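Notes follow once the structure below has been shown.
What follows is calculated from the coordinates using simple rules that are stated; it is not laboratory data. The structure displayed is predicted, hence computed values, not measured ones. Quick reminder, even Gly has a Cβ in these numbers, built from the backbone with ideal geometry, and neighbours come from all protein chains shown.
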Amino acid sequence: MWITSKKGRAFQGYLPDDVLYRKKSAYPSTKDSAYLEGVSNWMLDVLDNPRSPILKLINTERVRQIAEGKDREINNSSAKGILDYLLQINAWLDEYDITLHL
């Protein structure tokens, strides 16, 4: 089989063939269930902190339901993405000391 990517050629001989020739995913996602547990617990901590900057931007009750796995419309795969994104926004707001006046 022919390796067409520069990365594939660069790692030929260093990575197993099943890694070099694996089917690529449309976008990265983690399959580890501990990841969802981790982002869920982190989001619950954010929700419990009244100084979290993102609280003014979100429906805290709905996000809590998602983090607790109790939302009937959001599956685990979507929950990971939603919580991860909200945590990144919160971290950015916090790191750059953004104050929201809504």
What's the longest piece of the chain with no exposed chymotrypsin sites (Phe, Trp or Tyr not before Pro), counting a site as exposed if DSSP puts it in a loop and it has at most 15 other beta carbons within 10 Å? 22-95
Can you give me the relative contact order of the chain as a percent, contacts being Cα pairs under 8 Å and 6 or more apart? 28 percent
Could you give me the ³J(HN,Hα) list for region 79-89, computed from phi with Karplus coefficients 6.51, -1.76, 1.60 and θ = phi - 60°, whole Hz, x at Gly and Pro? 4, 4, x, 5, 5, 4, 4, 5, 5, 5, 4
Mean ellipticity per residue at 222 nm, deg cm²/dmol - from DSSP H runs of n ≥ 4 across the chain, formula -39500 (n - 2.57): -16000 deg cm²/dmol
Of [x] 13.8, 42; [y] 16.3, 55; [z] 19.0, 58, the label for Rg and Dmax of the Cα atoms in Å derived from the coordinates: [z]
So which trypsin sites (Lys or Arg not before Pro) in region 46-102 pass both tests, a DSSP loop state and at most 14 other Cβ atoms within 10 Å of the Cβ? Arg51, Lys70, Arg72
